[in-house]
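K.L.:
Quick one: this structure, given as structure tokens, is what I'll be asking you about.
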Amino acid sequence: MNLKYYQKDIECMSKENLKKLQGERLVKQFRRVYENVEFYRNRCKEAGVTPDDIKGLEDLHKIPFTSKDDLRATYPYGLFAVPMKDVVRLHASSGTTGKSIVVGYTQNDLGIWDDCCARQLTAIGIGQDDFVQNAYGYGMFTGGFGLHGGATKVGATVIPVSAGNTPRQLTFMQDFGSTLLCCTPSYAAYLGESLKDAGLSPDDIKLKAGIFGAEPWTEEMRRDIEKSLGIKAYDVYGLTEVLGPGVAFECSEQAGMHVNEDHFIIEIIDPETGKQVPDGQKGELVFTAITKEAFPLLRFRTKDICMVNSEVCKCGRTFVRMAKPMGRTDDMLIIRGVNVFPSQVETVLLQNGYPPNYQIIVGRENNNDTFEIKVEMVPEKFSDVVAEINKEEKALEAALLTVLQIKAKVKLVAPKSIARSEGKAKRVIDTRKLV
């Protein structure tokens, strides 16, 4: 096997040396943040924690958590740990409630970000001979710039097409010879669908791989994308608050995403108690940035539900691997007392031959929750025979009930009748007034 590494000495560092490095960086980072960020200093004083109390990884649990509410409360620059004259770029989250989350980067932060993304590109065989079609959004969203910088680091030719304008995306794929596609998984699925609609097949393009993230997606959806575009589809994890894409990445083994542990400490906690849970057990994902200069979050609660595997990967990398997030503590739907994740719905649809184009609609009538799922039919199975549609709806309702343990009303709709998204797909419409 031809194993490729961008920074082999770091990516394959022994577990013992990696933990030692993390501990040293944590101690240094905590002291710097304590001394330079008033918010953290006050929070730690309330918790009775000083820099002298943090001597290594074993003291991580003493540091208070940080939440998105804290970031909003200190908007825009209250958590920055360097003078603004040292900040060379700002990004912001695309939150739907409250003010945006503003983050900053020093020149060194941008270099680290580029390196994190370059590690994944190298791991999946992308280099100087490749053409990277970056269809993530450029702008305040971190997606476009992160992978752009990583691709530049490995010497690939970057095509910064940004999100949207699907006909142009397909034209560029053909004319420019794109070999790697970067975008959200829902948009990748749409591009595969559009390729077929244009009378083209994977043989008409040169794509060999794709890096997709920024929203939840299932293994079934991965296989669907791989088939429609003729590629290998790789996962990437990141979030604006911590860095952007590149916090964790999938290698050629596709057996979980390697967390760049020389820059980030990962924890999985019980979301109720805040206590760490063992490897292989689900919980909430928490990150501590131990090298970031401008915006170094400590024990940031992501609200992503996940699990980790600390075994050394077959690729040789020693970084801990995180699973694909299984939902979120804040977008988990509680319907009639049952926890429902959109990813569960998507899995059932794909297993039963339906495309990942759906909408979950939750409402409330007479103090009871209503639960409907609109699902597009595939063109090959499209029918306007009412009896046939009803039969298919009932079959899908039964399949969903088995997994969700709650009955949903399924409404099959015509192909392409659900609005497409060129960014993050809007899967849930919840009209309940939940307070």
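The values are calculated or read from the model by the stated rules, or taken from the named source; none is laboratory data. Remember, predicted model here, so these are calculated numbers, not experimental data. Please note: Cβ atoms are built from the backbone with ideal geometry, for glycine as well, and neighbour counts cover all protein chains shown. Remember, those area values only see protein heavy atoms, side chains included, never the ligands or the DNA or RNA. Shrake-Rupley method; radii C 1.70, N 1.55, O 1.52, S 1.80 Å.
K.L.:
What about Val103, is it among the hydrophobic types (A, V, I, L, M, F, W, C), under 16 Å from Val247 (Cα atoms) and not in a helix (DSSP H, G or I)?
P.N.:
Taking the combined requirement at face value, the residue satisfies it.
K.L.:
Related question: From (1) of a type in the set (D, E, K, R); (2) in contact with a Ser or Thr (Cβ under 9 Å, 6 or more places away or on another chain); (3) crowded, with 17+ Cβ neighbours inside 10 Å, pick out the condition that doesn't hold for Arg119.
P.N.:
(2)
K.L.:
Continuing with this model, one more query. Considering only residues that are part of a helix (DSSP H, G or I), open to solvent by less than 60 Å² (accessible area, probe 1.4 Å) and in contact (Cβ under 8 Å) with a residue 12 or more places away in the chain, which ones fall in region 396-407?
P.N.:
Matches in region 396-407: Leu396, Glu397, Ala399, Leu400, Leu404.
K.L.:
If you scan region 56-96, which residues turn out to be surrounded by 12 or more Cβ atoms within 10 Å (Cβ to Cβ) and under 27 Å from Lys20 (Cβ atoms)?
P.N.:
Selection gives Gly56, Leu57, Asp59, Leu60, His61, Lys62, Ile63, Pro64, Phe65, Thr66, Ala81, Val82.
K.L.:
Continuing with the same structure: From the list Asp129, Asp175, exactly one residue is surrounded by fewer than 20 Cβ atoms within 10 Å (Cβ to Cβ) and not in a helix (DSSP H, G or I). Which is it?
P.N.:
Answer to the check: Asp129.
K.L.:
Please find, within region 370-395, the residue that is most open to solvent (accessible area, probe 1.4 Å) out of those that are of a type in the set (A, V, I, L, M, F, W, C) and closer than 17 Å to Lys407 by Cβ.
P.N.:
Ala395
K.L.:
Please specify each residue of region 352-369 satisfying the condition of being of a type in the set (S, T, N, Q) and either buried (at least 18 other Cβ atoms within 10 Å of the Cβ) or in contact with a Ser or Thr (Cβ under 9 Å, 6 or more places away or on another chain) (or both).
P.N.:
Asn357, Gln359
K.L.:
Next up: Any chance region 307-321 includes a residue that's of a type in the set (D, E, K, R), assigned to a strand (DSSP E or B) and open to solvent by 10 Å² or more (accessible area, probe 1.4 Å)?
P.N.:
The answer is yes; a qualifying residue exists.
K.L.:
Hey, among Glu311, Glu261, which residue is over 16 Å from the mean Cα position of the chain (by Cα), farther than 26 Å from Arg31 by Cα and modelled with pLDDT of 95 or more?
P.N.:
Glu311
K.L.:
Return yes when Thr166 is open to solvent by less than 60 Å² (accessible area, probe 1.4 Å) and either among the basic types (Lys, Arg) or touching a helix residue (DSSP H, G or I) at 6+ places or on another chain (Cβ under 6 Å) (or both) and no when it is not.
P.N.:
Against the criterion (open to solvent by less than 60 Å² (accessible area, probe 1.4 Å) and either among the basic types (Lys, Arg) or touching a helix residue (DSSP H, G or I) at 6+ places or on another chain (Cβ under 6 Å) (or both)), Thr166 qualifies.
K.L.:
Could I ask something else about it? Taking Ile225, is it crowded, with 21+ Cβ neighbours inside 10 Å and more than 22 Å from the chain's Cα centre (by Cα)?
P.N.:
Against the criterion (crowded, with 21+ Cβ neighbours inside 10 Å and more than 22 Å from the chain's Cα centre (by Cα)), Ile225 does not qualify.
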